[in-house]
1. Quick one: grab Rg to one decimal and Dmax as a whole number for the range 15-182, Cα atoms only, in Å.
2. Determine which residues of the range 123-156 fall in the zone a paramagnetic label at LEU49 would reach in this model, i.e. backbone nitrogen under 18 Å from the point 7 Å along Cα→Cβ.
3. Taking the Cα-to-Cβ direction at ILE157 and at ALA37 and moving 7 Å from each Cα, how far apart do the two end points lie in nm?
4. Just flag the chymotrypsin sites (Phe, Trp or Tyr not before Pro) in the range 1-102 sitting in loop per DSSP whose Cβ has no more than 15 other Cβ atoms within 10 Å.
5. Which of the trypsin sites (Lys or Arg not before Pro) across the range 1-101 are loop residues per DSSP, with 14 or fewer other Cβ within 10 Å?
6. What list of ³J(HN,Hα) values in whole Hz, one per residue of the range 89-105 in order, does the Karplus curve 6.51 cos²θ - 1.76 cosθ + 1.60 (θ = phi - 60°) give from phi, with Gly and Pro shown as x?
7. Can you give me the long-range amide H partners of TRP41? Hydrogens built in the peptide plane at 1.01 Å from N, cutoff under 5 Å, separation of 5 or more residues or another chain.
8. At what distance in nm do the modelled label points of ARG11 and ALA167 sit from each other, each positioned 7 Å from its Cα along Cα→Cβ?
Amino acid sequence: MHIHAFPADRRRYSALLRHAHWLSAVLVLVAYAAIYAREWWERGTPERLLAGQIHTLTGLLVLLVTVPRLLRRFHETPPPVVPAPPLPQRLLAGIAHVALFLYLIVQPLLGVGTLLVSGKGIGFPLIAWRIPGLAVPNESLAKAIKELHEFVGVLFIYVIAAHLLAALWHWRVRQDNALQRML
Ligand code: HEM
Ligand code: HEM
């Protein structure tokens, strides 16, 4: 009989948590792609407007997907990583995941805040209806929120890259089941 040093634990996150994770990952990717692609077109062109609207739409969907996900996550304990990583590593992962969850909620809200406080309001692709901005805009506050939104946006490119590298490291180097739990 062959005895495995670490019996494989095949338990995964629940379907809701897995689907919400990958859906938000795709939405975040499209949100970044749209806001950076927007620079290819001149101000005032329909393409540039559409890129901005795709950015706001995918960003808002991130918020929409993350709310039920978090509500579920509060009373679902994730399946254990086997073999269990040492405590400092588990703490680091925990901090990273809390930061990512915070970002998934706060970053869209900062985007919404920018457009509402500036008075511009939020428009959507293909439909005329828009969420109106504040009747009395506050330009300097809008600018401050926008700068925070851009700073957090750039900062989390690095956090997400580290998260991706950590997942690959668990899979290829440490060869535990951390990634499999999310598939
Ligand atoms: C997870 C979701 C989001 C991410 C990752 C994200 C990321 C970013 C990034 C990186 C920028 C800076 C682009 C640059 O420096 O050129 C930006 C700009 C912006 N975002 Fe977002 N964003 C998100 C959601 C939203 C939402 C929901 C809204 C509005 C409803 C929004 C509105 C804006 C606006 C108005 C700008 C400024 C564009 C300009 O330069 O005029 N974002 N976003
Ligand atoms: C290709 C890209 C990605 C891969 C391979 C990946 C992989 C993983 C894995 C394996 C876990 C489980 C970690 C654990 O339980 O120890 C996880 C959790 C998580 N990921 Fe990702 N991820 C990716 C992209 C993203 C993105 C873009 C975000 C958000 C911006 C994100 C946010 C999260 C969060 C918040 C958790 C914690 C889940 C929970 O505790 O319920 N991930 N990811």
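1. Every Cα atom of the range 15-182 included, Rg and Dmax give 18.3, 57 Å.
2. Under 18 Å, as judged by backbone N against the label point of LEU49, lie 123-133 of the range 123-156.
3. Result: 1.7 nm between the two label points.
4. Hits after loop and neighbour filter: TRP41, PHE74.
5. Working: sites: ARG10, ARG11, ARG12, ARG18, ARG38, ARG43, ARG48, ARG69, ARG72, ARG73, ARG90; in loops: ARG10, ARG11, ARG12, ARG43.
Filter output for the range 1-101: ARG10, ARG11, ARG43.
6. Values, residue by residue: 5, 5, 5, 4, 4, x, 4, 4, 6, 4, 4, 5, 5, 4, 4, 5, 8 Hz.
7. Amide H neighbours of TRP41: none.
8. Between ARG11 and ALA167, the label points sit 2.2 nm apart.
Rule-based calculations on the coordinates, nothing more; no lab input. This one's a predicted model, so the numbers in the text were calculated from it and none came from an experiment. Cβ sites come from the backbone with ideal geometry, for glycine too, and all protein chains shown count toward neighbours.
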